[in-house]
Amino acid sequence: MLSTLLFLLCLTIPILLFFFIHNHKNNKNPPSPPGPRGFPIIGNLLQLDNTKLHLQLWNLSKKYGPIFLLRLGLRPAIVISSPKLAKEVLKNHGLIFSGRPSFLGQQKLSYKGLDISFSPYSDYWREIRKICVVHIFNSKRVTSFSSIRQNEVKQMIKTISQHASSSKVTNLSELMISLQAL
């Protein structure tokens, strides 16, 4: 009995400390937009249905307004559902919102965020983009790979028609991802 009580106490104290520190850190920030209350640690992830996410976000925008806050795990995500407000945010305040959060997996896969797809918007990113546009994605280089792209599209169409003739289910997402790898 005493060991169970000690175990529960040892489990409860770190959790309470985590929430105290997390809430204390959030109190220094300006007020957040309204949004549904999330669960501890997982936020609103269990409340979102991936199959009808667009309808859920639309319903949340009717309830909380054109700008609201969701918590995806411990990360806050601001959702903007009004086209006018989205244009305002992205056009007039684009530099503020041009970054993205950094994740451990992303850091491991992208040489600590130094490749073009995960690098934050900065002078370094602009230099990488310029190199890609000039040397990799120029019209001469793109046209040199046109025969390869055409062969891959023909192969994909052949796979789809084979699956259709044998009444097999075709996962178009997988086919499109394999095509985009080119």
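Would you check which residues across segment 138-182 are free of Cβ contacts under 8 Å to residues at least 24 places away in the same chain, within 27 Å of Ser110 (Cα to Cα) and over 22 Å from the mean Cα position of the chain (by Cα) and list them? Those that are free of Cβ contacts under 8 Å to residues at least 24 places away in the same chain, within 27 Å of Ser110 (Cα to Cα) and over 22 Å from the mean Cα position of the chain (by Cα): Asn138, Ser139, Arg141, Val142. Comparison of Gly99, Gly105 shows that the only residue that is surrounded by 10 or more Cβ atoms within 10 Å (Cβ to Cβ) and either touching a helix residue (DSSP H, G or I) at 6+ places or on another chain (Cβ under 7 Å) or modelled with pLDDT under 80 (or both) is Gly99.
Checked against (1) at pLDDT below 80; (2) closer than 22 Å to Met176 by Cα; (3) aromatic (Phe, Trp, Tyr), Phe145 meets all criteria but (1).
Restricting attention to segment 123-137, does a residue exist that is closer than 22 Å to Gln106 by Cα and in contact with a Ser or Thr (Cβ under 7 Å, 6 or more places away or on another chain)? Yes; the residues of segment 123-137 include at least one that is closer than 22 Å to Gln106 by Cα and in contact with a Ser or Thr (Cβ under 7 Å, 6 or more places away or on another chain).
Only one entry in Ile41, Ile80 is modelled with pLDDT of 90 or more and closer than 21 Å to Pro101 by Cβ, namely Ile80.
Helices (runs of 4 or more DSSP H) wholly in segment 76-175 with at least 3 residues that are under 30 Å from Gly35 (Cβ atoms) - which ones?
Those helices (runs of 4 or more DSSP H) span 83-87, 104-109.
Of all residue pairs spaced 6 or more apart or on separate chains, those with beta-carbon atoms under 7 Å, a first member in segment 33-62 that is over 17 Å from Ile80 (Cβ atoms) and a second member that is assigned to a helix (DSSP H, G or I) and not acidic (Asp, Glu) are Phe39/Leu46; Pro40/Phe19; Asp49/Gln56. The set of residues from segment 112-140 being over 18 Å from Ser98 (Cβ atoms), surrounded by 11 or more Cβ atoms within 10 Å (Cβ to Cβ) and among the basic types (Lys, Arg) comprises just one member, Lys112.
Has segment 64-71 got at least one residue that is at pLDDT 85 or above and either β-branched (Val, Ile, Thr) or loosely packed, with under 13 Cβ neighbours inside 10 Å (or both)? Yes: one or more hits.
The values are calculated or read from the model by the stated rules, or taken from the named source; none is laboratory data. The shown structure was predicted, so the numbers you read here are calculated from the model rather than taken from an experiment. Reconstructed Cβ throughout: ideal geometry from the backbone, glycine too, with neighbour counts over all protein chains shown.
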